[in-house]
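Take a look at the structure set out below.
The values are calculated or read from the model by the stated rules, or taken from the named source; none is laboratory data. Remember, it's a predicted structure, so these values are computed and weren't measured experimentally. Cβ placement follows ideal geometry from the backbone for every residue including glycine, while neighbour counts extend to all protein chains displayed. These area figures cover heavy atoms from the full protein model, side chains too; ligands, DNA and RNA do not enter into them. Shrake-Rupley method; radii C 1.70, N 1.55, O 1.52, S 1.80 Å.
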Amino acid sequence: MRRWVKLEWIADQSRVMPGTPVRVTIRLHNSSWLPLPATWLRITLPEHVTVEGADEVRQTKQRTVVRLRLDVPFRQSVERVLTLTPHVRGVVWLTEVHSDSLPLFGDEVSQLSLPVSFSLLVYPLPLPLPPIQLADTEPDGSRLSAQRQQEDVTFQRGVRAYIPGDRFKHIHWKATAKTGSLETRLFEHTSHPDWRIIGHILPSYEPSQQRYNDAINERTISCLAALSILCRKRSYGYELFLSVKQRGREYYHLPAGSGKNHHLHVMTQLAQMHHYVTTPLAVILRRLEGSASREAILLVTPRFDRDLEQSIDRLVRRGHTVAVLDLSEDQLLLRRFETGRSANGRRVAR
């Protein structure tokens with residue numbers, strides 16, 4: 001019977017935010033010369049997914065079980081439409097649908113597993129952020145880098161006399177007509193420093209304190225998602241560090257980047273974070289202390305203790321700009337750390 005029955009699953013979206021309804025069209029094709037009366041399709045989904053448009057929906061063993069009834073004539077197809085609404089970040093997988101059909105001649109119920117390939121990626125819901133400003137754009141830049149400066153053609157800062165070798169498309173023809181000699185446009189330099197965003201992920205369970213940290217880690221992940229959206233809107237480049245072990249590394253590290261692809265990579269990584277092994281935050285901060293350039297560091301942590309404050313003090317003394325998003329309270333708190341000078345001229349953190 002498997003060769004004559006085929007299930008088609010079509011979803012209008014594959015990447016959504018929590019609470020977004022997804023319209024799913026289910027088509028059951030019967031290419032045999034026998035009808036399929038009273039055919040029930042049984043679909044199993046995570047319990048946080050709500051379903052509309054089904055004949056029967058029930059919760060059992062932390063799963064949502066959906067049943068649909070279809071009466072499929074011979075050599076025809078029947079279509080049903082469901083609305084799935086996920087409410088928790090993660091990935092909703094579906095690889096098969098179970099089918100129970102009523103026999104024509106009073107035999108036992110015919111059971112069949114129909115293969116389906118469906119995955120729905122649910123991004124974390126971003127938290128509202130306080131105003132964040134780590135570093136401003138400077139014409140000459142503020143980082144030590146061997147890379148030459150690039151010109152941003154969207155910001156013109158003046159004109160100069162034409163020099164052989166200048167690009168023909170950069171000639172300012174109105175200024176050329178006024179002065180009688182070729183004039184070339186001058187542009188601002190792109191010098192935004194990349195951010196270093198660090199996410200402090202706590203162990204799922206701490207035996208010494210007998211405490212589960214799943215809810216706290218969810219807030220941290222949601223805050224990191226909000227920062228990714230902020231960087232995407234402002235066109236900031238950033239590196240991402242997470243205090244979880246990565247294959248072959250002691251902590252997770254995503255190189256600096258910007259744009260849509262980098263943002264999607266970060267959001268996908270945050271959505272798929274479920275089973276992980278944490279690593280001490282001090283390992284990442286020690287690595288940044290040895291950086292030769294002055295970094296703009298943004299730390300997202302649910303615990304702001306004395307050890308973390310000492311690590312930040314060492315970073316600030318080395319010339320880094322550090323800001324901390326403290327998630328220990330109900331409302332996010334932004335702490336800024338800057339370098340100053342004391343009465344005897346020594347640099348101190350404040």
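Cβ-Cβ distances below 9 Å connect the following pairs, each with a first residue in the range 121-133 that is closer than 13 Å to Q272 by Cα, a second residue that is part of a strand (DSSP E or B) and of a type in the set (A, V, I, L, M, F, W, C), and a separation of six or more residues or different chains: L121/V16; L121/V91; L121/V92; V122/V16; V122/V91; V122/V92; Y123/V16. Look at V81 and say whether it is more than 30 Å from Q269 (Cα to Cα), open to solvent by 20 Å² or more (accessible area, probe 1.4 Å) and of a type outside the set (S, T, N, Q). Yes. Candidates are the residues of the range 331-344 that are modelled with pLDDT of 85 or more and in a loop (DSSP other than H, G, I, E, B); the one that is least open to solvent (accessible area, probe 1.4 Å) is L332. For the range 117-133, a residue qualifies if it is open to solvent by less than 50 Å² (accessible area, probe 1.4 Å) and at pLDDT 90 or above, and the qualifying residues are F118, L120, L121, V122, Y123, P124, P126, L127.
Residues W40, W93: which one is closer than 30 Å to A226 by Cβ and assigned to a strand (DSSP E or B)?
From the options W40, W93, the qualifying one is W93.
With respect to being surrounded by fewer than 16 Cβ atoms within 10 Å (Cβ to Cβ) and closer than 21 Å to T321 by Cβ, H253 fits the description.
From (1) without any contact (Cβ under 8 Å) to a residue 24 or more places away in the chain; (2) surrounded by 14 or more Cβ atoms within 10 Å (Cβ to Cβ); (3) part of a loop (DSSP other than H, G, I, E, B), pick out the condition that doesn't hold for T64. Result: T64 fails condition (3) only.
Here is a yes/no grid of residues against (1) farther than 19 Å from R219 by Cβ; (2) modelled with pLDDT under 85:
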{"site": "R89", "(1), (2)": "no, no"}
{"site": "D100", "(1), (2)": "yes, no"}
{"site": "V109", "(1), (2)": "yes, yes"}
{"site": "P115", "(1), (2)": "yes, no"}
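Return the residue satisfying two criteria in turn: it lies in the range 160-179 and is open to solvent by 70 Å² or more (accessible area, probe 1.4 Å) and either outside any helix (DSSP H, G or I) or of a type in the set (G, A, S) (or both), and of such residues it is modelled with the highest pLDDT. Looking at the filtered set, the residue picked out is A177. All told, R347 meets the bar of being open to solvent by 80 Å² or more (accessible area, probe 1.4 Å) and either modelled with pLDDT under 85 or in the same structural domain as R15 (by the TED database) (or both). Remark: pairs (first residue in the range 147-175, in the same structural domain as R185 (by the TED database) and among the small types (G, A, S); second residue modelled with pLDDT of 85 or more and assigned to a helix (DSSP H, G or I); Cβ separation under 9 Å; 6+ apart in sequence or on different chains) = A161/T179.
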